[in-house]
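Here is the structure we will look at, set down as structure tokens.
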Amino acid sequence: MTLRKIIITPFVLLVRFYQGAISPFLPSACRYTPTCSQYTIEALQTHGLFKGGWLSIKRIASCNPWGGRGYDPVPERKCRHNH
């Protein structure tokens, strides 16, 4: 297991706990596809703790009646080439 996976695993588990134990008891309110919780998991796995966390915070903050809606996937990771 890589250091990156070790660092993000507790956060992914926390979101999965929310998805399984809390979310089913709340009214469905997410305005996006994928849902904000699924987006958070994908963002953490794709971009790591800091950038993925920032993307997740921005997404959750925009999930309101005055924010966006619809299909909003996690942006792809940009490849860095060392020259």
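The values are calculated or read from the model by the stated rules, or taken from the named source; none is laboratory data. As the structure is a prediction and not an experimental result, all values here were calculated from the model. Quick reminder, even Gly has a Cβ in these numbers, built from the backbone with ideal geometry, and neighbours come from all protein chains shown. In case anyone asks, the SASA skips ligands and DNA or RNA and just uses the protein heavy atoms, side chains included. Shrake-Rupley method; radii C 1.70, N 1.55, O 1.52, S 1.80 Å.
Things worth noting here:
- Residues of region 17-55 satisfying the condition of being among the small types (Gly, Ala, Ser), under 15 Å from residue 77 (Cβ atoms) and within 8 Å of the chain's Cα centre (by Cα): 43, 52, 53
- The residue of region 1-32 that is modelled with the lowest pLDDT, among those that are in a loop (DSSP other than H, G, I, E, B) and of a type outside the set (S, T, N, Q), is 1.
- Restricting attention to region 37-83, the residues that are open to solvent by 20 Å² or more (accessible area, probe 1.4 Å), among the charged types (D, E, K, R) and outside any loop (DSSP other than H, G, I, E, B) add up to 3.
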